[in-house]
1. Which pairs turn up if I take residues in the range 233-244 that are hydrophobic (A, V, I, L, M, F, W, C) and look for partners that are assigned to a helix (DSSP H, G or I) with beta carbon separation below 6 Å, at least 6 apart in sequence or on another chain?
2. Any chance you could count how many residues in the range 129-155 are closer than 20 Å to Leu209 by Cα, of a type outside the set (S, T, N, Q) and surrounded by fewer than 21 Cβ atoms within 10 Å (Cβ to Cβ)?
3. Tally time: how many residues in the range 194-242 are at positive phi and within 15 Å of the ligand (Cβ to nearest atom)?
4. Criterion first (surrounded by fewer than 20 Cβ atoms within 10 Å (Cβ to Cβ) and touching a Ser or Thr at 6+ places or on another chain (Cβ under 8 Å)) does Val83 satisfy it?
5. Within the range 98-119, track down each residue that is touching a helix residue (DSSP H, G or I) at 6+ places or on another chain (Cβ under 7 Å) and either surrounded by 17 or more Cβ atoms within 10 Å (Cβ to Cβ) or farther than 30 Å from Leu14 by Cα (or both).
6. Given the criterion within 16 Å of the ligand (Cβ to nearest atom) and over 17 Å from the mean Cα position of the chain (by Cα), identify the matching residue among Ser102, Ser132.
7. How many residues does the range 173-212 contain that are assigned to a loop (DSSP other than H, G, I, E, B), surrounded by fewer than 16 Cβ atoms within 10 Å (Cβ to Cβ) and more than 26 Å from the chain's Cα centre (by Cα)?
Amino acid sequence: MHTPVLFGEVINALKPGTGGCYLDVTVGGGGHAEGILEASAPDGRVLGTDADARAIQQAAERLSRFGPRVVLRQAWLDEAPSVARQLGFKGFDGILADLGLSSNQLDDPTRGFAFMRDGPLDMRFDSSRGVSAATLINTSDVNGLTQLLREYGEVERARQVAEAIWEARPLTTTAQLRDAVAGVARSRGRIHPATQVFQALRIAVNDELRRLREALPLLLEILAPGGRLAVITFHSLEDRIVKQAFRDATMNMEPQPGFGQGQSLHAMALPVNRKPITASQEEIAANPRARSAKVRVVEKLS
Ligand SMILES: C[S@@+](CC[C@H](N)C(=O)[O-])C[C@H]1O[C@@H](n2cnc3c(N)ncnc32)[C@H](O)[C@@H]1O
């Protein structure tokens, strides 16, 4: 089962309380949502959304004991605010986005996210819509593939890697893609050379960066005054977007006690931490996924 990262840090940051109303836009296996529901007992509510219908099913099973305190819907990050409005939710006291993949998705070879397991080259979070990684590869030219690898994977020698993929087409499985790049892609330290290539394709297939960029201001908008937005990122491309959006929302204000709305007429939020919070050595030892996790938190002004 997926182990939620920075669990204590997220609960501390969101401070869920009795009667509160929370939105988890990447509900996944429901680990963080469960913590929020427990901390806001007996009547705190959670709206959980996720692009992946299977994640919604898993969350429904895990959270069933909370009954009507939980509402779950399939939705992309940038669609979640309008879904919330349609369901009649008004201001949230806390919102969480825990980006990227869950272990449940990574460990399922039918989803095509992992190069260690052979399976169809799919990589869609929502497998009912959009174009799979195989279709994307098999219909792109070398220039398009090079740009995608550079932009979304920061892949070294992106052109050569793109050419190797292009020559190996048509590709239909994860093992074929892994083998196609094996001799060309460079490994970073102990990280497998295919890692960045798979990351780039997953981001492209799910249009992850555009969705994140568009979702952040919408999520800030549906926070209640005093409510907090926490975003967990796993790589620098995501973190850069969150950092910039939070900078814009806070107008570069510094976190300090007593720093209130009177001090900047234009800011809509306050930074809660000067620096992003990262996982402890103990957490990283127990859960290597936490190694690259960073959480940034802001608080909405009145
Ligand atoms: C790291 S997992 C979340 C795990 C969850 N916090 C838990 O404790 O079980 C990320 C989840 O976000 C979903 N996801 C990733 N990007 C998304 C996006 N742009 N829109 C909607 N869901 C997304 C994935 O389908 C996945 O289930």
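1. Phe234/Ser292; Ile241/Leu212; Ile241/Arg213
2. The total comes to 8.
3. So the first thing to find is which residues in the range 194-242 are at positive phi, and the list is 207, 226.
Within this subset, residues satisfying the condition of being within 15 Å of the ligand (Cβ to nearest atom) are 207.
Residues flagged as at positive phi and within 15 Å of the ligand (Cβ to nearest atom) within the range 194-242 amount to 1.
4. On the way: surrounded by fewer than 20 Cβ atoms within 10 Å (Cβ to Cβ): yes; touching a Ser or Thr at 6+ places or on another chain (Cβ under 8 Å): yes.
So Val83 passes the test.
5. Scanning the range 98-119 gives Asp98, Leu99, Ser102, Gln105, Arg111, Gly112, Phe113, Ala114, Phe115, Arg117, Asp118, Gly119.
6. Every option except Ser132 fails the conditions.
7. Here the count works out to 1.
Just so you know, all these numbers are worked out from the coordinates, no wet-lab data involved. Given the structure is predicted, the values throughout are model-derived calculations rather than measurements. Don't worry about glycine lacking a Cβ; one is built from the backbone with ideal geometry, like all the others, and counts go over all protein chains shown.
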